[in-house]
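These notes concern the structure reproduced below.
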Amino acid sequence: MSNPMLAVATTLIDNEQVRVTRFDFVPGAKTGWHRHEHDYVITAITDLSMRLEEPGDIEREVTVSAGEAYYREAGVEHDVSNMGSVPMSFIEVELK
């Protein structure tokens with residue numbers, strides 16, 4: 001049985017060049033701690049109201065509007081959670 005407090009990750013494409021994953025979060029859901037092994041781009045499907053927990057007990061709140069995108073380099077380590085009161089979704093494209 002899946003944990004309702006974990007984000008649902010659905011792989012859409014996974015080939016030699018890219019991995020494309022859709023993430024869906026109910027309020028309070030988290031990705032769990034992870035480290036990005038590849039550069040990646042996030043595109044918000046819905047408005048995102050996220051809490052990012054980072055190494056060193058660092059927490060920050062980030063909002064991204066639906067349709068906006070951002071890029072990060074490999075090596076990012078964090079746990080992402082939906083701190084909003086409504087579901088949120090984004091697409092992650094990892095550049096292999």
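Read-outs: derived from the displayed coordinates by stated rules, not from any lab. Computed from a predicted model, the values in this text were never measured in an experiment. Glycine also receives a Cβ, built like all others from the backbone with ideal geometry; neighbour counts cover every protein chain displayed.
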Under the rule rounded for a/c under 1.5, else prolate if a/b exceeds b/c, else oblate, using alpha carbon gyration tensor axes a ≥ b ≥ c, the chain is classed as rounded
Checking Gly84, Gly75, Gly56 against a Gaussian network model of the chain (alpha-carbon springs below 10 Å), the top fluctuating residue turns out to be Gly56
Counting Lys and Arg as +1 and Asp and Glu as -1 over every other residue whose Cβ sits under 12 Å from the Cβ of Thr11, the net charge comes to -1
Length gained if Asp47 through Thr21 is fully extended, taking 0.36 nm per residue and subtracting the Cα-Cα distance, is 7.6 nm
The summed charge of the Thr46 Cβ neighbourhood (under 13 Å; Lys/Arg +1, Asp/Glu -1) stands at -2
